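A.B. asks: I have a structure I would like to understand better, so I am pasting it below and will then ask my questions one at a time.
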Amino acid sequence: MTFGQRIVDLAARLAQWSETSDGLTCTYLTPPHRAVAAELKKWMHDAGMSADIDAVGNVVGRYRSDNPSARTLILGSHYDTVRNAGHYDGRLGILTALVAVEHLHQSGRKLPFNVDVIAFSEEEGVRFSTPYIGSSAMAGQFDTSVLDRSDGEGHRLGDVMRAAGFDPKLIPTLARRPQDLIGYLEVHIEQGPVLLHEDFPVGIVTSIAGSVRQRVSIAGTAGHAGTVPMALRHDAAAAAAEIVLYVERRCAAAPTLVGTVGELRVPGGAINVIPGHCELTIDIRAGDDQTRDAAASDVLAEIKRVAERRGVKVETKEVSRSNNVSCSPRIQRLLAAAIARAGIGVRPLPSGAGHDAMQFKGITELGMLFVRCGNGGISHSPLETVAAADADLAARILLDTIANYEQSA
Ligand code: GLV
Ligand code: MN
Ligand code: MN
């Protein structure tokens, strides 16, 4: 079987563990999430690695060099998913690294450095509104204040970790030392249409866009849908609607700028009640941090104006912020050389999505290989697809890149 077909099959096997009976949802430290970690640990072990699950649920496989003082190249991506996800966001990178190392092992080939295949436990920020739990811990960037955050059912993150048998006090010990690392390389589905439209099976990521995320809570006045005249209402959902449309309008104003209201709720709402409460999230990104920050501050100013005009109270809370990160020119060159050796054109492109790789900025050199996304480039959706032939090529290019990986001084 080719690497590609094996990756596709393994991704389908992992997708069997889901919080829902139809589709794939696998959020941090739920039973399906724990089951996926246990399975990945087994697979890493079978592929010739030592494998363990660390104090935040990362599955860490090591393919050890024969040199006892060797440094380490990390190949990573995440195994948590968004709600109603596809099979490949995050998992493609783990499985591509897995089959590449398995091949080295089966060929009896060792490298002059250790290769760590890391399946990060959390990247999406779905359950606790805090992304990158796994990779931030490993990069020594974990913000302990998020341990107090609760999920939608009121479970505190710190308590959920302890209930899963993890000790949050150990998180600082997971930080990798820069002097032990020679780089971080992540394979990821593009999650967009560029490679598909231009007919490239893979692409080299030049930079990764950061994001600013807000949770917004609007308190209006609930009332009878039949008795309160329109002019006397303080409708929380109508205020939210104005905010949604402003985010869309403002974020259409610059080429790389994007803004999304991904959650929008009227808790306790009913067909015959004027909404007294509404909650929403805002995610704003751009190719540069200034453009993004200017849009985010205009959105906050507009929220204030809407609140005053409509007589509703609005609370906003910034729940996450990450800045744009450039990929290492040296790793981009190494990837380009491997792609050229595979007889394929080299297509550099920026990433509009966030990735675990960002957490390693300043810790080690980082690079990413994108794989073409099928089906019009749809991701964060069950319609996400990757062709087995493209996954196969990605595994071969990854193998070639690591086999020819030059350790910098
Ligand atoms: C990760 O999927 C992101 O939201 O960029
Ligand atoms: Mn991802
Ligand atoms: Mn994602």
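The values are calculated or read from the model by the stated rules, or taken from the named source; none is laboratory data. What you are looking at is a predicted structure, and each value in this text was computed from that prediction instead of being measured. Quick reminder, even Gly has a Cβ in these numbers, built from the backbone with ideal geometry, and neighbours come from all protein chains shown. Heads up: the accessible areas ignore ligands, DNA and RNA and are worked out on the full protein's heavy atoms, side chains in. Shrake-Rupley method; radii C 1.70, N 1.55, O 1.52, S 1.80 Å.
A.B. asks: With VAL82, VAL115, VAL59, VAL99 as the choices, which residue is among the aliphatic types (A, V, I, L, M), within 16 Å of ligand 1 (Cβ to nearest atom) and in contact (Cβ under 8 Å) with a residue 60 or more places away in the chain?
C.D. replies: Only one candidate qualifies: VAL82.
A.B. asks: Moving to a separate point now. Between THR144, THR130, which is touching a Lys or Arg at 6+ places or on another chain (Cβ under 7 Å) and farther than 28 Å from ILE402 by Cα?
C.D. replies: Sole residue among the options that is touching a Lys or Arg at 6+ places or on another chain (Cβ under 7 Å) and farther than 28 Å from ILE402 by Cα: THR130.
A.B. asks: I would also like to ask the following. All but one of (1) surrounded by fewer than 21 Cβ atoms within 10 Å (Cβ to Cβ); (2) outside any helix (DSSP H, G or I); (3) in contact with a strand residue (DSSP E or B) (Cβ under 7 Å, 6 or more places away or on another chain) hold for GLN332, so report the exception by its number.
C.D. replies: The number of the failed condition is (2).
A.B. asks: Among the residues of the stretch 371-386, is there at least one that is within 16 Å of ligand 1 (Cβ to nearest atom) and in a helix (DSSP H, G or I)?
C.D. replies: yes
A.B. asks: Do we have ALA225 as open to solvent by less than 50 Å² (accessible area, probe 1.4 Å) and more than 34 Å from the chain's Cα centre (by Cα) here?
C.D. replies: Spelling it out, ALA225 is indeed open to solvent by less than 50 Å² (accessible area, probe 1.4 Å) and more than 34 Å from the chain's Cα centre (by Cα).
Every residue, every condition in (1) under 30 Å from ASN404 (Cα atoms); (2) in contact with a helix residue (DSSP H, G or I) (Cβ under 7 Å, 6 or more places away or on another chain); (3) modelled with pLDDT under 95, yes or no:
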residue	(1), (2), (3)
ALA225	no, no, no
ARG249	no, no, no
GLY262	no, no, no
PRO275	no, yes, no
GLU302	no, yes, no
ARG330	yes, no, no
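A.B. asks: Would you check if ASP289 is within 30 Å of HIS78 (Cα to Cα) and among the acidic types (Asp, Glu)?
C.D. replies: The answer is yes for ASP289.
A.B. asks: Would you mention how many residues in the stretch 259-307 are under 22 Å from LEU232 (Cβ atoms) and either in contact with a Leu (Cβ under 6 Å, 6 or more places away or on another chain) or not in a helix (DSSP H, G or I) (or both)?
C.D. replies: So the count comes out to 12.
A.B. asks: Which number in (1) away from ligand 2 (no atom under 16 Å from the Cβ); (2) closer than 21 Å to VAL115 by Cβ; (3) among the small types (Gly, Ala, Ser) marks the one condition that ALA357 misses?
C.D. replies: (1)
A.B. asks: Now for a different question. Can you name the residue in the stretch 335-365 that is within 16 Å of ligand 3 (Cβ to nearest atom) and either hydrophobic (A, V, I, L, M, F, W, C) or over 28 Å from LEU257 (Cα atoms) (or both) and, of all such residues, is surrounded by the most Cβ atoms within 10 Å (Cβ to Cβ)?
C.D. replies: Ranking the candidates gives MET358 first.
A.B. asks: Out of the helices (runs of 4 or more DSSP H) lying entirely within the stretch 80-185, which hold 3 or more residues that are out of contact with any Gly (no Cβ under 6 Å at 6 or more places or on another chain), open to solvent by less than 10 Å² (accessible area, probe 1.4 Å) and away from ligand 2 (no atom under 16 Å from the Cβ)?
C.D. replies: Once the helices (runs of 4 or more DSSP H) in the stretch 80-185 are filtered for at least 3 residues that are out of contact with any Gly (no Cβ under 6 Å at 6 or more places or on another chain), open to solvent by less than 10 Å² (accessible area, probe 1.4 Å) and away from ligand 2 (no atom under 16 Å from the Cβ), what remains is 91-106, 157-163.
A.B. asks: On to the next question. Looking at ASP66, ASP46 in this structure, which one is of a type in the set (Asp, Glu), closer than 23 Å to ALA12 by Cβ and surrounded by fewer than 17 Cβ atoms within 10 Å (Cβ to Cβ)?
C.D. replies: Result: ASP46 is the single residue among ASP66, ASP46 that is of a type in the set (Asp, Glu), closer than 23 Å to ALA12 by Cβ and surrounded by fewer than 17 Cβ atoms within 10 Å (Cβ to Cβ).
A.B. asks: Among the numbered criteria (1) out of contact with any strand residue (DSSP E or B) (no Cβ under 8 Å at 6 or more places or on another chain); (2) in contact (Cβ under 8 Å) with a residue 60 or more places away in the chain; (3) over 30 Å from GLY226 (Cα atoms), which one does ALA301 miss?
C.D. replies: If we test ALA301 against (1) out of contact with any strand residue (DSSP E or B) (no Cβ under 8 Å at 6 or more places or on another chain); (2) in contact (Cβ under 8 Å) with a residue 60 or more places away in the chain; (3) over 30 Å from GLY226 (Cα atoms), just (2) comes out false.
A.B. asks: Continuing with the same structure: Give me a count of the residues in the stretch 267-286 that are surrounded by fewer than 18 Cβ atoms within 10 Å (Cβ to Cβ) and not polar (S, T, N, Q).
C.D. replies: Going through the stretch 267-286 one residue at a time, the tally reaches 7.
A.B. asks: Okay, next question. Out of curiosity, is SER129 under 13 Å from the mean Cα position of the chain (by Cα), of a type in the set (Gly, Ala, Ser) and at pLDDT 95 or above?
C.D. replies: Here the answer is no, as SER129 does not meet what is asked.
A.B. asks: Now for a separate question. Give the residues of the stretch 397-409 that are surrounded by fewer than 22 Cβ atoms within 10 Å (Cβ to Cβ) and farther than 14 Å from VAL115 by Cα, sorted by residue number.
C.D. replies: Result: SER408, ALA409.
A.B. asks: Also, I was wondering about something else. Can you tell me which residue in the stretch 195-222 is farthest from the chain's Cα centre (by Cα), limited to those that are more than 25 Å from ARG321 (Cβ to Cβ) and open to solvent by less than 40 Å² (accessible area, probe 1.4 Å)?
C.D. replies: Applying the filter and picking the extreme gives GLY220.
A.B. asks: With GLU153, GLU186 as the choices, which residue is in the same structural domain as GLN359 (by TED's automatic domain parsing) and within 16 Å of ligand 3 (Cβ to nearest atom)?
C.D. replies: GLU186
A.B. asks: Give the residues of the stretch 24-72 that are under 18 Å from VAL160 (Cα atoms) and in contact with a His (Cβ under 6 Å, 6 or more places away or on another chain), sorted by residue number.
C.D. replies: CYS26
A.B. asks: Now for a separate question. Can you tell me which residue within the stretch 349-370, out of those that are assigned to a helix (DSSP H, G or I) and not aromatic (Phe, Trp, Tyr), is nearest to the chain's Cα centre (by Cα)?
C.D. replies: ASP356
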